[in-house]
1. How many residues does the range 435-480 hold that are within 21 Å of the chain's Cα centre (by Cα) and either closer than 16 Å to Ser210 by Cβ or of a type outside the set (Val, Ile, Thr) (or both)?
2. Looking at Val67, Val38, Val43, Val47, can you tell me which residue is over 23 Å from Leu3 (Cβ atoms) and of a type in the set (A, V, I, L, M, F, W, C)?
3. Failed condition for Leu171, given (1) assigned to a loop (DSSP other than H, G, I, E, B); (2) of a type in the set (A, V, I, L, M); (3) modelled with pLDDT of 70 or more, with all others met?
4. Only one residue in Phe284, Phe262, Phe289, Phe270 is assigned by TED's automatic domain parsing to the domain that holds Val16, of a type in the set (Phe, Trp, Tyr) and surrounded by 21 or more Cβ atoms within 10 Å (Cβ to Cβ), so which one is that?
5. Looking only at the range 444-456, count every residue that is more than 14 Å from Leu255 (Cβ to Cβ) and crowded, with 21+ Cβ neighbours inside 10 Å and tell me the total.
6. Looking for something in contact with a Phe, Trp or Tyr (Cβ under 8 Å, 6 or more places away or on another chain) and of a type in the set (Val, Ile, Thr) - is there at least one such residue anywhere in the range 526-547?
7. Any chance the range 546-567 includes a residue that's surrounded by 15 or more Cβ atoms within 10 Å (Cβ to Cβ), over 20 Å from Gly407 (Cα atoms) and acidic (Asp, Glu)?
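The values are calculated or read from the model by the stated rules, or taken from the named source; none is laboratory data. Just so it is clear, the model here is predicted, and its values are computed rather than measured. No Cβ is skipped: glycine too gets one built from the backbone with ideal geometry, and neighbour counts run over all protein chains shown.
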Amino acid sequence: MSLLTSVAIFLGATLVAVPLFKKFKLGAILGYLIAGVVIGPSVFNLVSDPYTILHFAELGVVLLLFVIGLELEPATLWRMRNQIIFSGGSQLLASAAAIGLFSHFVLGLSFTASLVIGLALALSSTAFAIQLMNEQRILQTPPGQRGFSILLMQDVAVIPILLLVTALAPLQTESGPAWYISLGAVVSVLLVGRFLVNPLLRVVARYGSSEVMTAAALFIVLVTGLAMDKVGLSMGMGAFIAGILLADSSFKHQLETEIEPFKGLLLGLFFIAIGMNLDLQLLFNDPVFMVSMSILLVIVKGAIIFSILRASKQSSTDSMRVAIMLSQGGEFAFVVMTLALSNTLLDASTAGQVNLIVGLSMALTSPAVIVYSLFFHTKNCPAVYDSLADVDATESRVIIAGFGRFGQITGRILAANSIPFTAMDKDAEHIEFVRQFGNKVYFGDATRLELLKRAGIENARVLLVAIDNGEEITEVVKLVQLEFPKVKIIARARNRMHAIELSKLGVSYFVREMFDSALSASKEVLKAYGYSQGQADSMATIFSEHDTKMLARVIKENLGIPEIIKTTELGRRELQQLFEEDKQD
C-alpha cells in the first residue's frame, strides 16, 4: 500500500470518527482510538505495519510535551505550588500505590511491572479532562482549578516516569553515553534556550515570514529532542525542557500557534496508531476481566481524587464531578506502555491489556459525566460559576491588540489600577523594548483566531484594537464579532473613512487616533494667535460637536463617496455659520 493511500485512509477515518464522537460528547481522543481499531488489524486491516506508524506518530507526543512545557510558566507554577504539590502529588502517589499493590498482590505481577503499571494508570488524560471541564463550565471554578493542578502535576511527572521506566530496563546497553555526557547535554540545552533561542526568534520575526516562524518552531522542538535522544535521554524530555525555557518568552503564544496544527495531526495519528495496536482479541477472550478492570480503575482513581478534593473543602457534588472527569487512564499511559514494552519490562500481552483498559476507561468517562450531570446538575449543584468572584483573579479580562504608543496608554492606566490585561504585538524589537519596563506583552498576529484564543479572548470582557494598520484593525474586528460577539470592542480608527467603516461593521465605540490630539493642538494655535483660553476652548468645542454630528449623519444615511464630498462642503459652510453666530454672541 502506498504512503498516499495510507494517509487518505487516516484522514478519512478521522473525518468520520472524530466529529461523530464529539457530537455525542465522547471526546476526540476516543474517536481517534476507535478509528484506529476499525482500520487496524482487529477489524478491516486497511493499513499494514501499525508499529512503524506508531513509532513515527510519537512525534505528536514530543510536540505535546513541548506545548505542556510552554504552559508551565514559573509564575503559574509558583502561584499554584501548594495545590500542585499536595493535591497533585497525593493523587499521583496514592493512585500509583493502589494500582501497583493491586497488580502485585492480586494479579500476581512482578514488583517492577506493577510499579510501571501503577505509575502509567495513575496518569489521567489532560486533553480529555480539560475538554470535559470546559464543556461543563467548571474549569475556572475553585474545584476546577484543583482538578487542573492535579493534571498539571501529572504533566510535570511524565518525564521522571519515562526516565524511571528506562532506568528499570533489565538490559542496559554497554555503549550508552556516560552520565556526565547526558548531564552536559541537558546543561547545553538550558544555556542555548536561555541565551540563543529568543535572539534567533527575534531575527526570524523581523526578517522572516509566517512559514519561517513555523519552521523555527519545529526546528527548536526537533533539535532539542534529537539532542536528548543522542545522549541516551528521551526526545520528549528535550522538547519539554525547551518548552519550559520559552514559557516566559514573548514568543510563547506564537510558538504554540505554529506548533498546534502539527501537534494536533501527529497526536491524532498517535491515537489512531494506538487504536490499531489495541488487541481486541484480549477483550473477546475475557470480556468480564477487561471491563471489570476498566470500571475498577475509574472507581479507584475517582475515589482518591474525590477524597483529595473534599479534604480541600470543595463541595461533595463538585468534587464528585471533577473526580469522574479525571478518573480515566491517560494518553501518556500508551507512551509508558510502549517504552516499557521496548525495554522488556512488560510482555506484549500485559501491555496490550493495560492499553485496552485505558481505552475502555476513556469510553466510560464521558457517559458517566453526562449521567451524573443529569441527576445532580440542576438539583443540588451550583455547577456554573458566573460570578467574577469565582474566577481566577489573575485572569486577564482585557486584551490589547497592538501595544505601540496608542495601546500603551491604556495599558499603563490599567496596570496602575491593578487591572490585569494581556497585550500582543507583532513587532519583535518593540516587544523586547517595552518588556524592559515590566510590561507583559506577547509576540503574535491578532488577525489569527488561534492566537486570540491563546491570549484568552474567550474569557475576555473588552478588546482594545490598537494596531497601527487600518486593514488589520478591520480584519480583527470582523473576526472577533463573528467568533466572540459578546466581547466589547474598542477600536482605533486610523482616519475619518476608517471610522465610518468600523461603524458600519457594528463597532459601538471607536477612537479617531489623531482627532483629540489635533484638537488640542488647534487650541494652542488659536491661543498663540491671540485668542483667549475661553475663546479657543469654545471654538474647538463647536468644531468637535459639529464634526461628530456630520460623521454620525454620514454613518446613519450610509452615504457613498460622492455624497460624502457634498456633505463635507455643506458642513464647511455650516461650520462657518456657527463660528459667525458664536462671534456675534
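1. 22
2. Checking each option against the conditions leaves just Val67.
3. All conditions pass for Leu171, except number (3).
4. Sole residue among the options that is assigned by TED's automatic domain parsing to the domain that holds Val16, of a type in the set (Phe, Trp, Tyr) and surrounded by 21 or more Cβ atoms within 10 Å (Cβ to Cβ): Phe270.
5. 2
6. Yes, that holds for at least one residue.
7. The answer is yes, given that some residue of the range 546-567 is surrounded by 15 or more Cβ atoms within 10 Å (Cβ to Cβ), over 20 Å from Gly407 (Cα atoms) and acidic (Asp, Glu).
This table checks each residue for (1) surrounded by fewer than 21 Cβ atoms within 10 Å (Cβ to Cβ); (2) within 21 Å of Phe262 (Cβ to Cβ); (3) in the same structural domain as Gly330 (by TED's automatic domain parsing).
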position	(1), (2), (3)
Phe21	no, no, yes
Tyr32	no, yes, yes
Ser48	yes, no, yes
Phe56	yes, yes, yes
Ala98	yes, no, yes
Gly108	yes, no, yes
